[in-house]
């Protein structure tokens, strides 16, 4: 199938699923598939069989989406940011000769006893008659052990000064390599936004703001119809995201991994901030313009609809108003939980059994769980380069220098920054879903 045929088939199957869900919807917001009269259910009488049919349709949607995505990528239809971060893995102790134990092992007291000639000649030869006494002052440091008396009294030991951790060596504990990372929000939406490069301080482009087609049939000898077109220049400035951390000379010199640790933390922080700006940026300099406050975006209120219905209507707005093909759903984990736990009127889970992972898809589109924006708001968008793109003026740049009196204090500052522009070329290719 061609890319167009795949997309057309995808839309048809989406519409079939939407019709089934709409027919099954009850006034209480649940779904009763037993009352649905649809050709797909012609020979299926039980709710379980009908639900299995729905899962089959969803699987077909998923397969169509994946195939269309492959063909679109092959044809240069869109691209995705690939996360090329390096994750330094902490080492793990390897059992064996390198475990830190000394080369030689101190003999146990029993070994010292049985290795003595007195033990072999008298105690063993005489078959344990009468017992025998040994002196260990010549084997052990003076003042540690006194005399080891006869075995006829079960080997009672007469100790002198007790050698213990409070008077000798305290136990040594070796710290495990690496560290336990603190909790932080991962990168969530950055990877689905197409990336380009620019050598300018702003992204300047032309937008067709008037497009009126007046083509019409005319009689012979009459004036031609006249269409109207107009273009407007638009721009989006490159913004800088920064971070820094002061550090002492000794920390950098004495701990080999300190510099790489700080560098990786600064780089991640910049990417995490950029990830958040894609949704939450308010557009007021120096912020980027994010999706949540974007002018011209479609809005769809949930109202009394179940969450899946609201998102399908949001997709319809993208197709009809934005004239684009929706590619991804962005939803808060709390709201996705409500979808995942949806059940039929007789208690069957619609998005898969609890024993299964369940599809991370909604109407065939991949679901991106994000908590940048609070629960209650979701998004559907056509994340293709003709409708949205990040432009990199300069990638992450890490530098080390001095500020203020740091030079005489034995300190320095590690700083990192990046310069990016975010452009939503067609806001109507995105829909904000509210009231979830």
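A short reminder: the numbers here are calculations on the coordinates, not readings from a lab. Please read all numbers here as calculations on a predicted model, not as lab measurements. In this analysis, Cβ positions are derived from the backbone assuming ideal geometry, glycine residues included, and neighbour counts consider all displayed protein chains.
Values computed for the structure shown
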| read-out | value |
| --- | --- |
| Cα→Cβ-extended label distance, 7 Å offset, between residue 299 and residue 11, nm | 2.7 |
| Gain on full stretching of the segment that runs from residue 67 to residue 27 - 0.36 nm per residue minus C-alpha separation | 10.7 nm |
| Modelled FRET efficiency - R0 30 Å, residue 4 with residue 56, Cβ distances, 0.05 increments | 0.80 |
| Contour excess over end-to-end distance, with Cα ends at residue 348 and residue 175 and 0.36 nm allotted per residue | 57.2 nm |
| Compactness of segment 352-436, expressed as Rg and Dmax over alpha-carbon positions, Å | 21.5, 65 |
| In nm, spacing of pseudo-spin labels at residue 48 and residue 209 (7 Å Cα→C-beta vector) | 6.2 |
| Förster radius 22 Å - calculated FRET efficiency between residue 253 and residue 405, Cβ distance, rounded to 0.05 | 0.65 |
| Antiparallel DSSP beta bridges within segment 289-411, percent to nearest 5 | 65 |
| Centre separation in Å (Cα based) which lies between segment 16-79 and segment 220-238 | 41 |
| At R0 = 56 Å, FRET efficiency that the Cβ-Cβ distance of residue 200 and residue 163 yields, to 0.05 | 0.15 |
| For 265, 50, order by how many other beta-carbon atoms lie within 10 Å, fewest first | 265, 50 |
| Stretch gain in nm, segment residue 386-residue 183, where the contour uses 0.36 nm per residue and the Cα spacing is subtracted | 69.5 nm |
| Rounded D (µm²/s) - segment 215-306, Kirkwood Rh over Cα pairs, Stokes-Einstein at 25 °C, 0.890 mPa s | 128 |
